[in-house]
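Read the structure below first, then the notes.
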Amino acid sequence: MSEIKTLGWTISEWQTAYLKNEIQLDHLKELVVSIDSQDRAWISVASTEQIEQQIQALNSLTQDADDLSKQFPLYGIPFAVKDNIDVAGFVTTAACKALTVIAEQDAETVRLLKQAGAIVIGKTNLDQFATGLVGTRSPFGAVPNTFKPEYVSGGSSSGSASVVARGLVPFALGTDTAGSGRVPAGFNNIVGLKPTKGRFSNRGLLPACKSIDCISIFALTVVDADLVAHQIEAFDPLDSYSRKHSQNVPARFSSKLKFAIPSQLNFFGDVQAEKAFQQTVQLLESLNAEITKIDFSDFEKLAAQLYQGSWVAERTAAVEELLKTNVEDFDPTVLEIIKQGEKYSAVDAYNAEYLKQDLARKIQEKLTEFDALIVPTTPTIYTIEQVQQHPIEYNAHFGIYTNFTNLADLSALAVPAGFRADHLPFGITLIAPAWHDAALVHFGKAWQNYLALKLGALDKSLPVSPATLASPHHIRVAVVGAHLTGMPLNFQLTTRDAVHIETTKTSKNYALYALNGTIPPKPGLARQQEGQSIIVELWDVPTARFGEFVAEIPTPLGIGNVELEDGRWVKGFICEPYGIDDAENISHFGGWRAYIQHRNGQANHQTANTAN
């Protein structure tokens, strides 16, 4: 196996190659050997011995496995890890050469990925201590942009974004405090998934700002980012910032898309970025999305707090001991920023917390009216030389549409949106309230499919997407009658943030009956050996709202399991046998909607006859 053979493979392509026995786990040894030792995206690359250790550990787990693809959804998939996240057997440097201790155990996210079958092939470069959005603040060298090497790659997760954009790995872990999981995605034409705070465990992460840090995911496709997210989402009782999913949010955006954008946008004179964003907004409007301009001042005030107020002291606290013992090992710009935290008092910190809470509440309230806020991932881009001349000022420009996100407890997804006139990539970020990650991903998949851009910096098109993963935080329900779209009881679903997923049919083992004496009219679905397919709608109901929805279902109806025509089983409306004893069999209509139309037609005919 050569590097070129697997270059740019998505996760599904790796999976297919393993399934067809075109590659084996041992081929990953050839992959790490092929990596250029001068590649500044890497701080350390796994040795063949480290790959062999991971292979043996995986083989020990798979000895009794009947179906590797089901039990190990990331079987043999190589990935990279930002070098402020622990990987057993590797030094975690955070781009500081004073840190030389080899990690004895994996960070929790890495452990979960290995448990799913994935293999770490190296640790990636970053702005030192994850302090920066440029990708140039590292003693291991500045990571160049994958399209034009004279430009910055974005940071702090510069290395992780670079190796994904060039197709060396299908996904990589980064981190995001002020936008480090989004800015490099925008500059390198890839996907950056910034989860809700606490969705992924931070145990084993060397913190930048412990209270707002998020481990993030870079991938070539939203589909792959989502698959990885499913593997590492887990409540970790050993991480005090870990959180359990609220399970009360919609799985998708509303059917009539409603997006907010800032009423005033600052592109710092970058006409090409401004034009690219205007074209993106026009494209969204052509897709019938409603775009509303909103006052962005609260977002800007909160964004400024991260570096211009006492919040910077949290970065100081993270490296307090190193400041005492190894100050000479700090990048000069990073040192200048982090030492600012020493001038703030506890009073300043509390006042900053109060201001953050006030602004975050206002922002969260403002976003309740919309599916998401859409912003340019960054307002502009600079060359490495320009950033070196203005290291703090130009870095700050990159963060005006990212810095507020974690402080306001929001979720975000950075996606490619095309290319500027100078052939540099342009990206947008969708930002939504906490735990709306699934809705962001659903739209992101549709957006990426619609644009059909080349992946990363590769001459490669988007592959056919595999089946969408079922949400673990929603219950899929088949509705057959008065809860259908436009029917009298549909509000019982929509007011609980349930969303319509698809319209399909049951298997051929069902009969549909019009129940007597029900108001509004309702049908009863009954399983029979000799029946027919009945039209149903599938709705995803937030798990936390499912109980109250079921409580409103009157006898003789209930919720059971319904078989669909493609063999899937979902929860759905069923009817007790006594309810259909005197009911009319209306199966020949094929569904409730056709029956209601027939019934209304009869009523209109009778009314017309009476009038005559």
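Summary table
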item	result
Rg and Dmax [Cα atoms of the stretch 241-347; Å; Rg one decimal, Dmax integer]	20.8, 58
Calculated P(r) tail over 24 Å for the stretch 414-538, as whole % of Cα pairs	51 percent
Phi-based couplings in Hz for the stretch 91-101 (Karplus 6.51, -1.76, 1.60; Gly and Pro marked x)	6, 9, 8, 6, 6, 10, 6, 6, 8, 10, 7
Cα convex hull of the chain - mean projected area over all directions, nm²	32.0 nm²
Relative contact order computed over the chain (Cα-Cα under 8 Å; 6+ residues apart), in percent	12 percent
Relative frequency of Cα-Cα separations exceeding 20 Å in the stretch 344-478, percent	62 percent
Förster radius 30 Å - calculated FRET efficiency between Lys339 and Phe268, Cβ distance, rounded to 0.05	0.65
Heavy-atom SASA rank of Ser157, Ser240, Ser471, Ser255 (probe 1.4 Å, accessible area, largest first)	Ser255, Ser240, Ser471, Ser157
Distance-filtered residues of the stretch 325-353 - backbone nitrogen under 17 Å, label point 7 angstrom along Ser240 Cα→Cβ	350
Loop-located GluC sites (Glu not before Pro) in the stretch 340-412 whose Cβ has at most 13 other Cβ within 10 Å (DSSP)	Glu369
For the stretch 1-108, accessible area per residue (1.4 Å probe, heavy atoms of protein chains only), Å²	49 Å²
Ile535 - accessible surface, heavy atoms, 1.4 Å probe, Å² rounded to 10	80 Å²
Dimensionless Rg over Rh [the stretch 378-442; C-alpha; Kirkwood]	1.05
Whole-Hz ³J(HN,Hα) from phi, Karplus 6.51 cos²θ - 1.76 cosθ + 1.60, for the stretch 19-36, glycine and proline x	4, 8, 6, 6, 9, 10, 4, 4, 5, 5, 5, 5, 4, 5, 5, 6, 6, 5
Other-chain or far-sequence residues with amide H under 5 Å of Trp42's (modelled H)	Asn125
As computed over the stretch 503-612, the Cα convex hull volume per residue (Å³)	123 Å³
For peptides 143-151, 83-91, sequence by mean Cβ density within 10 Å, most packed first	83-91, 143-151
Positive-end extreme of charge dipole, the stretch 169-233 - chosen from Asn188, Leu173, Val223 (charges on Cβ)	Leu173
Burial ranking of peptide ranges 303-314, 173-184 (average Cβ count within 10 Å, highest at the top)	173-184, 303-314
The stretch 1-91: trypsin sites (Lys or Arg not before Pro) falling in loop per DSSP and having at most 15 other Cβ within 10 Å	Lys20
For the chain, calculated [θ]222 nm from helices alone, where every DSSP H run of n ≥ 4 adds -39500 (n - 2.57)	-10000 deg cm²/dmol
For the stretch 448-465, 3J(HN,Hα) per residue [Karplus equation, 6.51 cos²θ - 1.76 cosθ + 1.60, θ = phi - 60°, Hz, x = Gly/Pro]	5, 5, 5, 6, 6, 6, 5, 8, x, 9, 9, 8, 8, 8, 5, x, 4, 6
Nearest-0.05 FRET efficiency for Asp459 and Glu104, computed from C-beta distance (R0 45 Å)	0.60
In range of the label at Glu584: residues from the stretch 487-526 whose backbone nitrogen is under 14 Å from the point 7 Å along Cα→Cβ	512-518, 521-524
Solvent-accessible heavy-atom area per residue, rounded to whole Å², over the stretch 399-549 at 1.4 Å	37 Å²
FRET efficiency estimate (nearest 0.05) - Cβ-Cβ, Asn561 to Asn248, R0 35 angstrom	0.90
Mean shadow area of the stretch 334-417 over all directions, Cα convex hull, nm²	7.3 nm²
The chain, accessible surface, carbon-and-sulfur percent (1.4 angstrom probe)	50 percent
Measure of compaction for the stretch 301-375 (Cα Rg per 2.2 N^0.38 Å)	1.40
Per residue solvent-accessible surface (Å²) - the stretch 146-216, probe of 1.4 Å	14 Å²
Distant-in-sequence amide H partners of Gly591 (H built 1.01 Å from N, under 5 Å)	Ile535
5 angstrom amide H check on Ser216, placed H, neighbours 5+ away	Gly174, Thr175, Asp176
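The values are calculated or read from the model by the stated rules, or taken from the named source; none is laboratory data. Just so it is clear, the structure is predicted and the values come from calculations on it, not from any experiment. We place every Cβ from the backbone using ideal geometry, glycine too, and count neighbours over all the protein chains shown. Surface areas here come from the heavy atoms of the whole protein model, side chains and all, with no ligands, DNA or RNA. Shrake-Rupley method; radii C 1.70, N 1.55, O 1.52, S 1.80 Å.
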